[in-house]
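Participant: Sharing a structure here in structure tokens format.
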Amino acid sequence: MKTLTNFPYKHVLVVGLAKSGTAASHLLLDSEIKVRINDLKADKESEGVQSLIEKGAEVITGGHPLEALEGIELIVKNPGIPYENPLIDEAVKREVPVVTEVELAGRLHDGPLIAITGSNGKTTTTTLIHEIIKADDQPVSVAGNIGKVACEVARSTSDEEAMVVEMSSFQLLGTKTFKPDVAVLLNLYEAHLDYHGTLEAYHNAKAKIIENQTSEDTFVYNADDEKIMSYLPGAKSKQVPFTLNQQGSGAWADKEWIYFNEEAIMKKSEIVLVGEQNLQNILAALAVVKTIGISNEAIHQVLTTFAGVKHRLEYVQEKNGRFFYNDSKATNILATSYALRSFQQPIILLAGGLDRGNSFEGLAPYLSNVKAMIVFGETADLLKETGTSVGIKDIIKVETMDKAVTEAYRLSNQNDVVLLSPACASWDQYRTFEERGNMFTEAVHKLK
């Protein structure tokens, strides 16, 4: 297992344990760096915390006392902890650097580093890149916001091994020297303003993915996104576009084929993933893997078999001529609009969830192909109002996912799509969007 060498900090405060903080603490301790841990709710008697104490960590729980900053040269913070946290705020005032664990991963990993960010499509694109490289029999690991802690994965990667990292704006904001060999910026929309404060701050956090790149690195970017295009003049790296609306350069598509530069790669009709958003993700992945020299055979193998990431426009099954899709990860209007544009068949839409005070008027233009709606959760009435405003007659309010699937099936005909794409977070009824999607899938499999 690799450890940090030539690390300039000797006394580090880790704020927030969870997976990322725990992995960072073990790495720092194994690297013979003095570690203090501060976690509000951690149980000092738990096996996980005890293992850190046995390695020499000092653990402070029950609050965030400013005394925890004494002697500290660097803070490694859980990405979800806001900078308004009193401890973090004071550290910034004292000019103590604050990073997230991906900063450590960047220092540790010696092989090719591919980092992906954007408002939508990160997990699908990250997974596609990983699967295509693997299909070409090249050494590769996947990490980051996709579920595996990057600094933990980086400890066991070889010098030749590529590491594909999905990165959130929260993680990127906490980077100082992080430099991917290939950076991917998929799209930029309005999101996470409760964390970043302003749209500009959110976009600038995303743009940090190219901040430290040099002329030897590559920036894969969405040429259809005006905001991303505005970052190009400041980028020092080689620039490779992907686009749905232009032709001839980078990764692009016409009505029948996908291309890289002038090379036709494969027919669109052979691709398993559906939808415009997924085609964008595919083109982004194509730009990456062609840039690093992956074979067309590997690309073809993955794109003809990869059916999607769970809960992200995931095909569930066909039942008596009806096609069921689980898009539980669609927790905002934008994601649901992409899903609705992915099908030409009539749609029965299952939607609803946590009420964040949003209007659903922005969804109305995308409901033209929706023949019926099944609504649930705190936003059921708001969604019903939006559906009614565009002339949808069959709108049923339900309390459970089983009932939602049963009613959707009852209203459907052959060749219809039954689509769970909630446009809302899940926390009013479910612990996670994964739980919501799993319950949908289970209900579909129970249909007779």
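Participant: What number of residues in segment 412-437 are surrounded by fewer than 18 Cβ atoms within 10 Å (Cβ to Cβ) and not in a loop (DSSP other than H, G, I, E, B)?
Facilitator: Qualifying residue count for the region: 2.
Participant: Is it fair to say Thr379 is among the polar types (S, T, N, Q), in contact with a Cys (Cβ under 9 Å, 6 or more places away or on another chain) and either open to solvent by less than 70 Å² (accessible area, probe 1.4 Å) or under 23 Å from Gln317 (Cα atoms) (or both)?
Facilitator: Values: among the polar types (S, T, N, Q): yes; in contact with a Cys (Cβ under 9 Å, 6 or more places away or on another chain): yes; either open to solvent by less than 70 Å² (accessible area, probe 1.4 Å) or under 23 Å from Gln317 (Cα atoms) (or both): yes.
Answer is yes for this residue.
Participant: Taking into account only those residues within segment 127-159 that are open to solvent by less than 40 Å² (accessible area, probe 1.4 Å) and touching a Ser or Thr at 6+ places or on another chain (Cβ under 6 Å), which is nearest to Ser169 (Cα to Cα)?
Facilitator: Here the residue is Val149.
Participant: A further question on this structure: If a residue must be in contact with a Leu (Cβ under 8 Å, 6 or more places away or on another chain), among the small types (Gly, Ala, Ser) and over 18 Å from Lys148 (Cα atoms), how many such residues does segment 84-137 contain?
Facilitator: 3
Participant: What is the one condition in (1) open to solvent by less than 40 Å² (accessible area, probe 1.4 Å); (2) under 18 Å from Ala443 (Cβ atoms); (3) among the polar types (S, T, N, Q) that Asn320 does not satisfy?
Facilitator: Of the numbered conditions (1) open to solvent by less than 40 Å² (accessible area, probe 1.4 Å); (2) under 18 Å from Ala443 (Cβ atoms); (3) among the polar types (S, T, N, Q), the odd one out for Asn320 is (1).
Participant: Considering each residue of segment 2-25, count those that are open to solvent by 20 Å² or more (accessible area, probe 1.4 Å), in a loop (DSSP other than H, G, I, E, B) and at positive phi, and give that number.
Facilitator: The number of residues fulfilling the criteria is 1.
Participant: If you don't mind, there's one more thing I want to ask. Among the residues of segment 98-152, which ones are in contact with an Asp or Glu (Cβ under 7 Å, 6 or more places away or on another chain) and among the acidic types (Asp, Glu)?
Facilitator: Hit for segment 98-152 is Asp110, nothing else.
Participant: If I ask for residues that are open to solvent by 60 Å² or more (accessible area, probe 1.4 Å) and either part of a loop (DSSP other than H, G, I, E, B) or in contact with a Pro (Cβ under 6 Å, 6 or more places away or on another chain) (or both), which ones from segment 333-376 would you list?
Facilitator: We begin by selecting, within segment 333-376, every residue open to solvent by 60 Å² or more (accessible area, probe 1.4 Å); these are 341, 344, 355-359, 361, 365-366, 368, 371.
Arg341, Gln344, Asp355, Arg356, Gly357, Asn358, Ser359, Ser368, Lys371 - these are the residues of segment 333-376 that are open to solvent by 60 Å² or more (accessible area, probe 1.4 Å) and either part of a loop (DSSP other than H, G, I, E, B) or in contact with a Pro (Cβ under 6 Å, 6 or more places away or on another chain) (or both).
Participant: Take the residues in segment 215-240 that are more than 20 Å from the chain's Cα centre (by Cα) and in a strand (DSSP E or B); name whichever of them is nearest to Asn281 (Cα to Cα).
Facilitator: By that ranking, first place goes to Val240.
Participant: Within segment 26-64, which residues are assigned to a helix (DSSP H, G or I), open to solvent by 80 Å² or more (accessible area, probe 1.4 Å) and either farther than 25 Å from Pro8 by Cα or not charged (D, E, K, R) (or both)?
Facilitator: Glu47
Participant: While we're looking at this one, here's another question. Kindly provide the set of residues from segment 65-90 that are part of a helix (DSSP H, G or I) and touching a residue at least 60 places away in the same chain (Cβ under 8 Å), ordered by number.
Facilitator: First, pick out the residues of segment 65-90 that are part of a helix (DSSP H, G or I): 66-69, 86-90.
Passing the criteria: Leu87, Ile88.
Listed here are the residues, each with its yes/no results for (1) open to solvent by 50 Å² or more (accessible area, probe 1.4 Å); (2) part of a strand (DSSP E or B).
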{"position": "Ile258", "(1), (2)": "no, yes"}
{"position": "Ser269", "(1), (2)": "yes, no"}
{"position": "Val272", "(1), (2)": "yes, no"}
{"position": "Asn278", "(1), (2)": "no, no"}
{"position": "Leu286", "(1), (2)": "no, no"}
{"position": "Lys290", "(1), (2)": "no, no"}
{"position": "Ala298", "(1), (2)": "no, no"}
{"position": "Gln301", "(1), (2)": "yes, no"}
{"position": "His311", "(1), (2)": "no, no"}
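The values are calculated or read from the model by the stated rules, or taken from the named source; none is laboratory data. Here the structure is a predicted model, which means the values were calculated and not measured. As a convention, Cβ positions derive from the backbone with ideal geometry for all residues, glycine included, and neighbour counts pool all protein chains shown. When the accessible area is computed, the model is the full protein with side chains, heavy atoms only, and any ligands, DNA or RNA have been set aside. Shrake-Rupley method; radii C 1.70, N 1.55, O 1.52, S 1.80 Å.
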